[in-house]
Amino acid sequence: MPEPRPPDRPLEPVSAELRRLIDACAAFVVEQIDLLPTLPSWDVADAERVAAGFVEPPPEDGHAIATILERLRPAVAKSFNTAGPGYLAFIPGGGVPAAALADFVACAVNRFVGVVAAAPALARIEAQVIAWLASLMGYPPEAGGILTTGGSLSNLTALVAARADRLPEDFLKGTLYISEETHLSVIKAARIAGFPERAVRVVPVDRRCRMRPDVLEGMIRDDGSGGLAPFLVVANAGTTNTGAVDPLPEIHAIARRHGLWAHADAAYGGFFRLVPAGAERLAGIEAYDSITLDPHKGLFLPYGTGCLLVRDPETLRRAHGGRAGYLQDVRIGEGAANFTDLSPELSRDFRGLRLWLPIQLHGLRAFRQQIQEKLDLARGAYDDLKDEPLLEMLDEPQLSIVAFAVRPDDRGAELLRRVNAKGRVFLSSTTLGGRYVLRICVLSFRTHADRVRDAVTAIKDEVRRLPQG
Ligand SMILES: Cc1ncc(COP(=O)(O)O)c(C=O)c1O
């Protein structure tokens, strides 16, 4: 058979061409980032039409990079500006540019970090990042964990580890305990892990939206004596709705007394531990069996960066490890963490660099300053709004979320619409105890005092202009 000819359309750009492509993308990125402060906080007018423009078959022949980027420009613009300083909705983060550089480098070198032997130093970088995060949470040196794509996957992995550690193979008698304020991802995780709906016990919260340990203990006792197998309690270290921190030491003590795995969902709140005021509020988290963290929230990284920490990495290995013949010769890294043995994933991105490079470039101090600023900004917004008679503040911010309702009747949705319509900030709402509640979540590294002031001013102006009910 004649030797196959190489394709005449190679996928490898030669160096000058590669540099030209990189330069074009770099120019696009710089332009996008420079635009952020001046862009509206959201703009989805006509977004459907832009979206429809992407419904097409794949091109048989490629296009110029300039043409491709030109098409992306409106697609990026027509969105909630989640990267911008005015984004105070849901849980922001911003996305530090250094992480994008890390992704670029990681994808370009495209090494495999799933098993240590394939890239020992790169796997070490990722393990080191995990060790840093563990130590920042007060975990001992033998702790470990994995990087995930986000809090939902971290919660799922924690639940599966707890199930394997505390329940028999036939686990359907198992029950787990969450609060009324626990993130939906935990309920989803229980369902995905094979638990029936009745296995998820919902513990009521107090006036400050914190799980009530007294009720929790009663529920565990009743379930245990009723022949069920309580195995896991999930405490919130910063709820999504209001940033409430459950009584971590009390819940942990109950878990210990009854032999339950204690998991802390610190996806939103965990990184506040980097500053003394936050560490005080999160005291006790270091005793938990596992902790979910979302660097794409409190460390301001781009979406797709989560972490699960465990005090005992063997628990992850027991839940996820296994043997595959085709990997038999690359398992020489035994002892060091082969990430594939600790998680559901095998091939995946080198996400460790996304954390490592920004921390190397900026140093932890830069992150600590940002985190302290967010606590202060939320406190300031609360102080500025609390004397407004048309608003009812639900609580002092426990972390960086300010939640409030409109008085006397419920015109919250209209207030939200009007504030957001100005385009300077973008807030979101939630339901608490059946009430419509607005919230300001200050977490982006691009959000500073000027933007929070704009939010407060818009809220005060617009609530006074609302038609009286
Ligand atoms: C407390 C909490 N847990 C879990 C999650 C889910 O995280 P992710 O969106 O990264 O999957 C969130 C997301 O906002 C959260 O706030």
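The values are calculated or read from the model by the stated rules, or taken from the named source; none is laboratory data. What you see is a predicted model, and the numbers here were worked out from it, not measured in a lab. For neighbour counting, all protein chains shown are included, and Cβ atoms are generated from backbone atoms with ideal geometry for every residue, glycine included. Just the protein is used for accessible areas: all its heavy atoms, side chains included, with ligands, DNA and RNA removed. Shrake-Rupley method; radii C 1.70, N 1.55, O 1.52, S 1.80 Å.
Below, the figures for the structure above:
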{"item": "Share of carbon and sulfur in the accessible heavy-atom surface of segment 326-469 [1.4 Å probe, %]", "result": "50 percent"}
{"item": "Dipole magnitude of the chain about its Cα centre (Cβ charges: Lys, Arg +1; Asp, Glu -1), debye to nearest 20", "result": "440 debye"}
{"item": "Candidate residues Ile187, Ile251: accessible-area rank, largest first, probe 1.4 Å", "result": "Ile187, Ile251"}
{"item": "Cα centroid separation - segment 249-306 against segment 43-121, whole Å", "result": "29 Å"}
{"item": "Net +/- balance of residues flanking Asp461 in space, Cβ distance below 13 Å, scoring K and R +1, D and E -1", "result": "+3"}
{"item": "Relative packing of peptides 196-203, 271-278, 23-30, 436-443 - highest average C-beta neighbours within 10 Å first", "result": "436-443, 271-278, 196-203, 23-30"}
{"item": "Gain on full stretching of the segment that runs from Asp312 to Val30 - 0.36 nm per residue minus C-alpha separation", "result": "97.3 nm"}
{"item": "Rounded, prolate or oblate (a/c below 1.5 giving rounded, otherwise prolate when a/b exceeds b/c) for the chain by Cα gyration tensor", "result": "oblate"}
{"item": "Global form of segment 167-255, assessed from the alpha-carbon gyration tensor, a/c cut-off 1.5", "result": "oblate"}
{"item": "Sum of side-chain charges, Tyr268 neighbourhood, beta-carbon under 15 Å (Lys, Arg +1; Asp, Glu -1)", "result": "+2"}
{"item": "Most to least accessible of Lys386, Lys374, Lys297 (protein chains only, probe 1.4 Å)", "result": "Lys386, Lys297, Lys374"}
{"item": "Leu390, Leu153, Leu101, reordered so the largest accessible area comes first (probe 1.4 Å)", "result": "Leu101, Leu153, Leu390"}
{"item": "Residue-normalised accessible area of the chain, expressed per residue, 1.4 Å probe, Å²", "result": "47 Å²"}
{"item": "Neighbourhood net charge (10 Å Cβ-Cβ; Lys/Arg +1, Asp/Glu -1) for Asp103", "result": "+1"}
{"item": "Cross-link table Lys188/Lys374; Lys188/Lys460; Lys173/Lys374; Lys78/Lys188; Lys188/Lys422; Lys386/Lys422, entries beyond 32 Å C-alpha to C-alpha", "result": "Lys188/Lys460; Lys173/Lys374; Lys188/Lys422"}
{"item": "CD proxy at 222 nm, helix term only [per DSSP H run n ≥ 4: -39500 (n - 2.57); per residue of the chain; nearest 500]", "result": "-13500 deg cm²/dmol"}
{"item": "Amide N of segment 177-216 lying under 20 Å from the label point, which is placed 7 angstrom from the Cα of Asp222 along Cα→Cβ", "result": "177-182, 196-207, 210-216"}
{"item": "Helix runs (DSSP H) in the chain reaching 27 Å along axis by Cα, Kyte-Doolittle at least -1.0", "result": "15-35, 352-385"}
{"item": "FRET efficiency estimate (nearest 0.05) - Cβ-Cβ, Met393 to Arg198, R0 41 angstrom", "result": "0.65"}
{"item": "Potential lengthening between Asp23 and Ala64 on full extension [0.36 nm per residue; Cα-Cα distance subtracted]", "result": "13.4 nm"}
{"item": "Accessible area of segment 163-210 belonging to carbon and sulfur atoms, whole % at 1.4 Å probe", "result": "48 percent"}
{"item": "Whole-Hz couplings from phi, Karplus 6.51/-1.76/1.60, listed for segment 272-278; x for Gly and Pro", "result": "5, 5, 6, 10, x, 5, x"}
{"item": "Shape call, segment 348-469: gyration tensor on alpha carbons, a/c limit 1.5", "result": "prolate"}
{"item": "Packing rank of 40-50, 106-116, where each peptide gets the mean count of other beta carbons within 10 Å, highest leading", "result": "106-116, 40-50"}
{"item": "Within segment 320-469: Cβ-based charge dipole about Cα centre, in debye rounded to nearest 20 (Lys, Arg +1; Asp, Glu -1)", "result": "360 debye"}
